[in-house]
Amino acid sequence: MNRERIEEFLYREADLLDRPDLDSWVNLFAENGIYWMPAAEDQQDPINHISHIYDDRVMMEIRRRNFIHPRASSKEWEVRCSHVIGNIRVAPEDKDQGTTVTSNQHVVVWYREEQRLYACKVTHRLEVEGEDFKILEKRVDLINPSAPQQSLIIYL
Amino acid sequence: MTSVPTGDFSQVVTPTRVHRSLYTDPDLFELEMTRIWGQAWIFIGHESQVPNTGDYFTTNINHNIPVVMVRDKSGTVQVLHNRCGHKGAKVVEARSGNARGAFRCSYHGWSYRHDGSLLKVPNEAGYDGTGFDSANPCYSMQPLAQAESYRGFVFATLSPNAPDLKTWMGGARDCFDNLCDRAPEGEVEVAGGVLRYEHQCNWKFILENLNDTMHPMVVHESIVKAAESYLDSLPEDAVEQRKEAEIIPPFGASYEKFEASGITGFPFGHHYDGGKTSIHADYSVDPEYHAAMVAAYGEERTREIYSFNTHNVLFYPSLTIKCAVQNIRVIRPISVDRFIVETWSFRLKGAPDSMLQRTLLYSRLINSAMGMVGPDDLEVYRRAQEGLASPSNEWVEFHRQYGKDEQLEDRTVGGGTSDLDMRTQYQAWQAYMEGSIFNKVEKT
Ligand code: FES
Ligand SMILES: [Fe+2]
């Protein structure tokens with residue numbers, strides 16, 4: 001697995017979220033891809049425990065349509081993000097799990113005329129598709145998942 | 001407890017209007033914290049959060065008074081002031097945990113039994129002959145004026161004058177029964193963790209919104225359309241698998257549908273919408289769950305339990321529950337323009353895991369700060385908070401169907417799109433603020 005290509009993929013994904021361009025971003029996911037933001041530290045179970053977000057492609061598509069809907073008042077505000085990605089580690093490839101890549105990400109979100117900072121450990125499971133990758137799962141562990149959260153209308 | 005002084009609040013509350021200062025005035029907020037939150041029964045937690053001796057859960061009973069719910073040696077769940085009898089330090093800092101044997105203050109090491117009584121003062125000889133009496137309850141972690149639980153839901157009040165919990169709940173108590181009866185074993189337990197959501201606006205906005213049935217089709221139009229337009233494009237059998245298809249679209253229900261659900265108000269500010277029907281009424285019934293219910297209750301009683309279908313039930317001012325969904329939201333003010341909502345989900349004992357999974361899906365989609373419904377609600381509360389800074393109109397109105405509310409013996413009933421819920425809340429608000437709330441209470 002080419003580390004440089006993986007890094008390039010992470011940066012490209014972050015770029016799409018920074019803008020944000022959810023139409024293109026959703027297509028980075030495999031058909032059975034999952035976006036998961038747990039609501040507790042070291043959360044093991046996305047189904048029998050609450051999460052902030054646990055979206056498959058269907059929910060991502062619903063969320064994307066809501067995001068651009070003209071009558072979604074919480075989405076009338078401009079949203080822009082800046083992802084900084086570091087501490088990238090690539091685990092050896094696993095036949096079933098794909099390639100697991102962990103990184104630390106600091107995301108500054110501009111929303112409702114305020115800047116906020118999110119700090120998270122992000123775990124990508126990637127599968128190779130031709131020259132490129134597809135995301136099997138993106139897991140975003142906030143450093144404070146159980147703290148009171150403010151409205152967040154964009155994926156980190 | 002200091003007694004609550006009386007006063008006249010008819011300058012800011014009328015039967016159909018409240019003054020905008022109720023949402024913006026920090027002094028009024030402080031008074032609310034003493035007079036409403038300092039008198040009402042406030043939801044603390046559920047007994048299942050503290051199953052074993054010494055298990056505790058900490059929270060504040062209003063914006064700043066720290067309390068701890070703990071199971072003592074006798075198995076009783078106590079609600080204690082989280083304040084050391086010595087120099088006042090908060091004794092228990094963690095959100096939850098187990099205090100083996102005793103609580104120990106981290107300052108000078110005084111320790112307390114789980115019922116709050118003082119166990120040990122280090123180097124106690126220094127108090128000999130000083131007049132210090134370690135048996136004086138003021139040196140303990142004192143219990144709140146009253147604490148009681150109903151079907152596992154623990155409430156406490158700072159007021160010795162509040163009527164007993166059952167009387168205070170009145171007819172809204174049926175909703176706790178319905179929530180618990182939906183479990184084949186007749187009991188629920190907290191499961192699957194908590195969501196905490198910060199709201200940058202006055203705490204009363206969320207209470208007013210619970211049974212505000214004129215808002216969903218406007219505020220939630222986008223998510224309903226987004227969900228419906230996409231789900232419609234999927235093959236039918238793919239949609240059948242999606243619980244989202246049952247959960248999201250009813251938020252766009254018509255005025256007629258909401259009108260039909262009705263609103264019922266009770267003394268002390270409680271109310272619910274729904275009863276015979278609600279936006280949760282058309283959820284499919286899991287066959288395995290249904291079988292467990294019928295085995296426990298029989299077909300007829302099971303139908304009866306399902307048929308009581310409320311949407312949001314408010315126990316004014318701190319708790320709202322969803323019987324048909326099995327989640328609750330707990331409100332805690334912080335300041336005049338800030339509060340926290342916690343969403344807790346419940347397992348129906350004796351029901352298959354799929355029921356808890358649906359509850360959690362609901363909490364995640366609807367009540368999460370990253371959800372599809374909550375952020376649009378908060379957006380409009382914030383706009384109200386910001387708009388009410390305008391002096392152009394001093395009043396917020398709630399006239400809808402005024403004069404049509406029907407007063408029954410223990411409750412008021414009206415149409416599902418009436419402002420009966422607002423009138424119910426602000427009658428209680430005024431009586432709490434004026435100190436007359438518990439004047440003429442009859443036991444039920
Ligand atoms: S303040 Fe708690 S022991 Fe002194
Ligand atoms: Fe709403």
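The values are calculated or read from the model by the stated rules, or taken from the named source; none is laboratory data. Predicted model, so just to flag it, every value in this text is computed and none were measured. We place every Cβ from the backbone using ideal geometry, glycine too, and count neighbours over all the protein chains shown. Heavy atoms of the whole protein, side chains included, go into the accessibility calculation; ligands, DNA and RNA do not. Shrake-Rupley method; radii C 1.70, N 1.55, O 1.52, S 1.80 Å.
Taken as Cα centroids, the range B:374-441 and the range A:54-122 sit 39 Å apart, rounded to the nearest whole angstrom. Which percent of the accessible area of the protein assembly as shown is formed by carbon and sulfur heavy atoms (probe 1.4 angstrom)? C and S atoms contribute 47 percent here. Each Lys and Arg adds +1 at its Cβ and each Asp and Glu adds -1 at its Cβ; summed about the Cα centre, the protein assembly as shown shows a dipole of about 1520 debye.
Once the 1.4 Å probe is applied to the protein heavy atoms, the range B:42-150 comes out at 49 Å² accessible per residue. Pairs over the 26 Å Cα-Cα cut-off, from the set B:90/B:166; B:257/B:404; B:257/B:349: B:90/B:166; B:257/B:349. Calculated [222 nm] ellipticity per residue, helices only, for chain B: -8000 deg cm²/dmol; basis is -39500 (n - 2.57) per DSSP H run with n ≥ 4, divided by all residues, nearest 500.
Of the residues B:224, B:34, B:311, the one whose Cα sits farthest towards the positive end of the charge dipole of chain B is B:34 (charges of +1 on Lys and Arg Cβ, -1 on Asp and Glu Cβ, taken about the Cα centre).
Kirkwood radius for the range B:42-150, taken over all pairs of different Cα atoms as the inverse mean of 1/r, rounds to 14.1 Å. Think of the protein assembly as shown as a dipole: +1 on every Lys or Arg Cβ, -1 on every Asp or Glu Cβ, centred on the Cα centre; then among B:51, B:263, B:291, B:51 lies furthest on the positive end. Of all the options B:344, B:203, B:110, the one that moves most in a Gaussian network model of chain B with Cα springs shorter than 10 angstrom is B:110. Rg/Rh for the protein assembly as shown: what does it come to with C-alpha atoms and Rh from Kirkwood? We get a ratio of 0.98 for the protein assembly as shown. Heavy-atom accessible surface of the range B:301-442, averaged per residue, reaches 34 Å², computed with a 1.4 Å probe.
Computed about the Cα centre, the dipole magnitude for the range B:221-278 is approximately 280 debye when only Lys and Arg (+1) and Asp and Glu (-1) carry charge, each at its Cβ. For chain B, with a Gaussian network of springs between Cα atoms less than 10 Å apart, report the residue from B:92, B:239, B:325 with the top mean-square fluctuation. Fluctuation is largest for B:239.
When only the Cβ of Lys, Arg, Asp and Glu is charged (+1, +1, -1, -1), the dipole of the range B:42-150 relative to its Cα centre reaches about 260 debye.
Just to be sure I understand: if you take the accessible area of chain A alone plus chain B alone and subtract the pair, with a 1.4 Å probe, what total do you get in Å², rounded to 100?
Rounded to the nearest hundred, the buried surface is 3500 Å².
Per-residue Karplus couplings for the range B:121-135, computed as 6.51 cos²θ - 1.76 cosθ + 1.60 with θ equal to phi - 60°, are listed in order as 10, x, 6, 5, 3, x, 8, 3, x, 9, x, 6, 10, 5, 7 Hz, Gly and Pro entered as x. Springs between Cα atoms under 10 Å define the GNM used for chain B, and in it the highest mean-square fluctuation of B:163, B:15, B:122 occurs at B:122.
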